[in-house]
Amino acid sequence: MHSDTPVGARPPGGRTFFGHPRALSTLFLTEMWERFSFYGMRAILVLYLTAAVTDDGLGMRESTANAVYGSYNAMVYLMALPGGWVADRLIGARRSVLWGGVIIAAGHYVMAVPTGWSVFAGMTLIVLGTGLLKPNISTMVGDLYERDSPRRDAGFSIFYMGINLGGFIAPLVCGFLGEEINWHLGFGAAAIGMTFGVAQYVLGRGNLGDAGARPADPLLGADRRRALTRAGVGAAALLLVFVALAAAGLFTVDTVVNLLTVATLVVTVGYFARILTDQEISGTERSRMKAYLWLFVFAVSFWLIYDQAGSVLNLFAADSTDRDVLGFTFPASWLQSVNPILIIVGAPLFAWLWLRLGHRTSTPVKFAVGLVLNGLSFVLMAAAAQAAVGGNRVSPWWLIAVFAIQVAGELSLSPVGLSATTKLAPVKYASQMMGLWFLATAVGDAVGGQVARLAEAWPAPTYFLTFGLASVTLGVGAVMFSRHVSRLMAGIH
């Protein structure tokens, strides 16, 4: 069990980090460098996949590259579920973060190898490593404070600033190196960033006290052996599936992407079915889970569009945007830095707004606002795409405006969703519900990757307008349905 005392904190006279336990600086920098590596690689991934072989790319069709990108993002979030389990039951959060960082760095170094196979082997390692690191480093931040400490939220706010700082810097560095010099050099820069993160995590381990040192609910003896055996059998079965596909001549990128999409959906349906049919949860908790199911669907629809920023919109930036500034043509991936800087600016404003509105604006309505804004961003993209018809290059301000609208939508939905997840969780599943929230992003990205295949087949204005209006319509429907969802929430606002 986690202690309610602020483990890892220094006594009043000790060194602090912006008035917080010194350990926060270690976790802040680890997360910053991990996000640097993640967003740096992601900023150039689709551009590399679709670049011509003569330009040292893989020459992949845009439709396939978009689907690969979506599946990659989905697997990153899906692996947070087993990653949290490994920490809670086997090795603890601290070692999970360390091994996760090492595996992530190894994945980026593999991607830096200038061969065709390296990108997929590297992405596999990054997915596995991120699953270990991402959920557990947040757990460790929480371990630094008493459960009801007023400094807890402020500590997480500083920590999340590291996420967006890494996300802002990464495309500027990895994007320039990848697009202007060599793709694999860009991937190598991401590897070096994660290496910095691991190194300072090891050097700063003395600050961490007892945070994450032990599993929260360790498996022992026969239970541990049984769990490891099942995991081994599952891994072997998965390997056999891929061997069978290869033997049948079906082991293609598209086949693997489609299987991963189906697997994500199956895991999600199974997760909800398990909770909703559990006879140990109360009627009120079951009602709240039904409300959460609606919020989950809304969130999936949001991420389906939002996370195309790194695929469809990134390709639009490369192919249809005038990026010339005073004779210098800046890399298309640099526009991926717009989103995190807008979040840094906008997050305090939206926090103030929701505080002012209080309970006058319900959670379902906030989700609806996110969906409408997300849809309007694609409606605006339809206008940009129409202006680019015929090979014209449009101003990058179109994309900046689109990202600004999307960030407003994200700040309406994402932090609210995190809060709703903790409030609507049945007591029995309290520690697992955050994994369920990650699944919303995983499903949105997996399905979004499949949807993004249409961006190559349809005229760009039609593609953006169709899904933009669909999101706006769903948002309006969510407003109309909000009272019903609020009743299902049974007193939770």
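The values are calculated or read from the model by the stated rules, or taken from the named source; none is laboratory data. Since this is a predicted model, take the numbers as computed values, not measurements. Don't worry about glycine lacking a Cβ; one is built from the backbone with ideal geometry, like all the others, and counts go over all protein chains shown.
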Hey, residue 266 assigned to a helix (DSSP H, G or I), surrounded by 14 or more Cβ atoms within 10 Å (Cβ to Cβ), modelled with pLDDT of 90 or more and aliphatic (A, V, I, L, M) or not: no
Taking residue 411 as the residue in question, decide whether it is modelled with pLDDT under 95, under 19 Å from the mean Cα position of the chain (by Cα) and either of a type in the set (A, V, I, L, M, F, W, C) or buried (at least 23 other Cβ atoms within 10 Å of the Cβ) (or both). yes
Unmet requirement for residue 268, which otherwise passes all of (1) out of contact with any Phe, Trp or Tyr (no Cβ under 9 Å at 6 or more places or on another chain); (2) closer than 29 Å to residue 296 by Cα; (3) among the hydroxyl-bearing types (Ser, Thr, Tyr): (1)
Please go through (1) polar (S, T, N, Q); (2) within 30 Å of residue 451 (Cβ to Cβ); (3) outside any helix (DSSP H, G or I) for residue 115 and return the number of the only condition it doesn't satisfy. (2)
Matching residues, the stretch 314-354, being at pLDDT 95 or above and either assigned to a loop (DSSP other than H, G, I, E, B) or on the phi > 0 side of the Ramachandran plot (or both): 322, 323, 330, 331
Restricting to the stretch 222-241, and then to whatever is within 26 Å of the chain's Cα centre (by Cα) and surrounded by 11 or more Cβ atoms within 10 Å (Cβ to Cβ), can you tell me which residue is farthest from residue 90 (Cα to Cα)? 238
Would you check which residues across the stretch 424-441 are in a helix (DSSP H, G or I) and either under 20 Å from residue 353 (Cα atoms) or under 18 Å from the mean Cα position of the chain (by Cα) (or both) and list them? 433, 434, 435, 436, 437, 438, 439, 440, 441
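For the stretch 42-82, which positions are part of a helix (DSSP H, G or I), touching a residue at least 12 places away in the same chain (Cβ under 8 Å) and more than 22 Å from residue 453 (Cβ to Cβ)? Before you say what the answer is, go through the steps one by one.
In the first step, residues of the stretch 42-82 are kept if they are part of a helix (DSSP H, G or I); the result is 42-50, 53-55, 62-78, 80-82.
In the following step, the residues that additionally are touching a residue at least 12 places away in the same chain (Cβ under 8 Å) were identified as 42-50, 62-78, 80-82.
Residues satisfying the conditions are 80, 81, 82.
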Flagged in the stretch 83-112 as under 30 Å from residue 57 (Cβ atoms) and in a helix (DSSP H, G or I), in numbering order, are 100, 101, 102, 103, 104, 105, 106, 107, 108, 109, 110, 111
Kindly list, by first and then second residue, each pair from a residue in the stretch 350-377 that is within 15 Å of residue 489 (Cβ to Cβ) to a residue that is among the aromatic types (Phe, Trp, Tyr), limited to pairs with Cβ atoms under 8 Å and residues at least 6 apart or on different chains. 361/354; 364/294; 364/298; 364/481; 366/354; 367/298; 367/302; 368/298
So, of the residues in the stretch 269-303 that are in a helix (DSSP H, G or I) and among the small types (Gly, Ala, Ser), which turns out to be farthest from residue 425 (Cα to Cα)? 301
Within the stretch 173-195, how many residues turn out to be part of a helix (DSSP H, G or I) and either of a type in the set (S, T, N, Q) or surrounded by fewer than 17 Cβ atoms within 10 Å (Cβ to Cβ) (or both)? 4
